[in-house]
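Everything below concerns the one structure shown next.
The values are calculated or read from the model by the stated rules, or taken from the named source; none is laboratory data. Computed from a predicted model, the values in this text were never measured in an experiment. Every residue, glycine among them, receives a Cβ derived from its backbone with ideal geometry; neighbour counts consider all protein chains shown.
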Amino acid sequence: MDNRLRNFNYLIGCEKTKQAIALDPLDGEAMVALAAEQGWQIKLIINTHEHHDHIEGNPAVQAATGAEIWASEFARGKIPNMARGLLANEEFSLGSMKFRVLPTPGHTPVHVRLLTLSEEVPILFSGDTLFNACAGNCFNGGDVDEMYDTFVRELAPLPNQTLLFPGHDYMKTNLSFALTCEPGNEQTEYWQGKVEILSADDMPYMTLGQEREYNPFLRLQSPALLPLLQGASERATFKALRAKRDVW
């Protein structure tokens with residue numbers, strides 16, 4: 001279903017109908033070339049949010065394919081040439097592929113994610129909300145309280161087998177950070193050793209179940225978190241983790 005490009009652009013294709021979605025294109029020309037290589041026609045451009053590294057390739061893809069640009073209904077005026085505003089929990093299909101739009105503010109107020117509904121194993125295209133071993137930052141117009149609410153409302157209910165396709169690869173750095181928050185976590189140490197020699201293009205796709213074993217932002221109840229990070233509530237702990245990562 002998926003072909004990944006460097007910098008974690010995603011070309012999501014339906015082999016049966018040869019139709020595809022360009023998700024968060026950065027290098028638009030490379031995405032168009034990959035679609036041609038696969039024999040796919042890009043029918044939609046979808047942006048998880050408005051930051052330049054997720055929309056910069058929109059013009060090149062649109063010029064080559066005529067594909068419409070879709071993003072959150074709240075992204076109008078933030079993303080040029082938007083044709084459709086996606087609604088919270090809206091479902092849509094392309095070919096045999098079916099998706100649900102998850103409203104996920106925090107990194108930015110207009111952030112959305114895509115969850116597949118047509119795959120035997122669900123896939124979460126998480127943009128800049130959830131990364132391997134970390135949560136997204138809230139530097140550029142975001143809000144850490146909204147990010148926490150997103151994790152509780154949209155992430156917590158998803159099954160362990162859900163595959164995570166994040167918007168960037170920071171796994172090596174984030175695993176090192178996770179060990180400073182929860183020293184001695186065996187899963188963190190294991191995966192740090194596994195990915196140490198891998199290139200960005202060869203990094204593994206992890207499940208949410210695996211992430212819940214080492215991602216400190218998904219382990220707010222762990223008694224092994226550093227005492228200085230254990231707030232009076234899970235929200236306070238989440239915010240303390242994000243503050244630590246901001247300066248780490």
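Data for the structure
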read-out: Any chance PHE125 is hydrophobic (A, V, I, L, M, F, W, C), surrounded by fewer than 22 Cβ atoms within 10 Å (Cβ to Cβ) and outside any helix (DSSP H, G or I); value: no
read-out: Flag if THR207 is farther than 26 Å from ALA22 by Cβ and in contact (Cβ under 8 Å) with a residue 40 or more places away in the chain; value: no
read-out: Matching residues, the stretch 187-227, being under 20 Å from the mean Cα position of the chain (by Cα) and aromatic (Phe, Trp, Tyr); value: TRP191, TYR205, TYR214, PHE217
read-out: Lone unmet requirement of (1) surrounded by 17 or more Cβ atoms within 10 Å (Cβ to Cβ); (2) closer than 26 Å to GLU29 by Cβ for PRO103; value: (2)
read-out: Hits in the stretch 28-58 - residues which are of a type outside the set (Val, Ile, Thr), part of a helix (DSSP H, G or I) and within 24 Å of PRO109 (Cβ to Cβ); value: HIS52, ASP53, HIS54, ASN58
read-out: Pair list, Cβ under 6 Å, 6 or more apart: the stretch 108-126 residue in contact (Cβ under 8 Å) with a residue 40 or more places away in the chain, other residue outside any strand (DSSP E or B) and among the small types (Gly, Ala, Ser); value: THR108/GLY141; THR108/GLY142; VAL110/ALA75
read-out: Tabulated pairs, the stretch 28-52, first more than 12 Å from TYR10 (Cα to Cα), second part of a helix (DSSP H, G or I) and among the charged types (D, E, K, R), C-beta under 8 angstrom, 6+ apart or interchain; value: none
read-out: Cβ pairs under 6 Å, 6+ apart, first in the stretch 74-90 and farther than 20 Å from PRO25 by Cβ, second modelled with pLDDT of 95 or more and of a type in the set (A, V, I, L, M); value: PHE74/VAL110; GLU90/VAL101
read-out: Residue that is nearest to GLU234 (Cα to Cα), among those in the stretch 148-199 that are among the aromatic types (Phe, Trp, Tyr) and in a helix (DSSP H, G or I); value: TYR148
